Structure formats: structure tokens, C-alpha cells
Amino acid sequence: MADYGRQLLRRRNNVVHELGHAFDLVLGRQGRSAVSADWTHLSRSGCGRGDKCGFASPLGWMDWVMNPANEAGEIFADQFLGWTFSRWDSTDLGDYRRDWMNTDMVEWLNTY
């Protein structure tokens, strides 16, 4: 039963992750550009598959990180997922990702 619940979580979260890509495209790729502009803080460099790197689950679990690639578009989409459900790692990096998304999303949402 636990596996079934986890599969439902992953499916739902994957849809939201993909909506993050769509939102980025509507913004003219401003989301991924903003991640690139803050690469020192938001990059997944040095994070292994078992590390959370500020996200709510380790990179290799596919619960709250749908694509562990160290690419700005994938990082933005995973942060969009975290922002949607307010789910982050309870570390300084998790707080940074949360605050970063809360700040930028308000600006982007008020644009439309």
C-alpha cells in the first residue's frame, strides 16, 4: 500500500513539475534565466543522488525532484513543485530556495 501512495505522489508531482516548465515558457524562460543568474546558490553541483540539496526529498528518489539534472530549467521546474506545495528541506539551502521562489513568483504572477 505504501508503494501505491508513493506512486500517486510521484505522478501528481510530475504533472506539477511539467506545469513549472510551461510556466517558465509563458514567462519567456525568465524562470530558468533567474536560476542561472543565481547559479552559485541554486546549482546542484556537488549534490549526489542521496542529497536533498534544499529540496524535500533526495535527488534520486523522484518524489520532490522529478529530474535531478543540474540544468537551470529542471531546477526551476523542481523549485516550482516545491513552491506549489510549500515543501522544502529544513536546511539553510531549503530556506533559500523557498524564499527565492516566494520572492520571484510574486513578481512573475503580478505581471499577468
If you go through region 3-17 one residue at a time, do you hit one that is in contact with a Gly (Cβ under 9 Å, 6 or more places away or on another chain), of a type outside the set (Ser, Thr, Tyr) and modelled with pLDDT of 95 or more?
no
For region 27-49, how many residues are in a loop (DSSP other than H, G, I, E, B), surrounded by fewer than 17 Cβ atoms within 10 Å (Cβ to Cβ) and of a type outside the set (S, T, N, Q)?
6
Kindly provide the set of residues from region 50-82 that are surrounded by fewer than 21 Cβ atoms within 10 Å (Cβ to Cβ) and under 14 Å from residue 24 (Cα atoms), ordered by number.
71, 73, 74
Condition broken by residue 33, with the remaining ones in (1) of a type in the set (S, T, N, Q); (2) farther than 24 Å from residue 108 by Cα; (3) at pLDDT 95 or above satisfied:
(2)
Lone qualifier among 77, 69 - being among the aliphatic types (A, V, I, L, M) and assigned to a helix (DSSP H, G or I):
77
Flagged pairs (Cβ under 6 angstrom, 6 or more apart or on separate chains; first in region 58-87, closer than 10 Å to residue 44 by Cα; second assigned to a helix (DSSP H, G or I)) are 72/32; 72/35; 72/36; 75/35; 75/42
Odd one out for residue 4 among (1) surrounded by fewer than 19 Cβ atoms within 10 Å (Cβ to Cβ); (2) in contact (Cβ under 8 Å) with a residue 12 or more places away in the chain
(2)
Can you say whether residue 88 is at pLDDT below 95, surrounded by 15 or more Cβ atoms within 10 Å (Cβ to Cβ) and not hydroxyl-bearing (Ser, Thr, Tyr), as far as the supplied structure shows?
no
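The values are calculated or read from the model by the stated rules, or taken from the named source; none is laboratory data. Given the structure is predicted, the values throughout are model-derived calculations rather than measurements. When we count neighbours, we look across all protein chains shown, and the Cβ atoms used for this are built from the backbone with ideal geometry, even at glycine.
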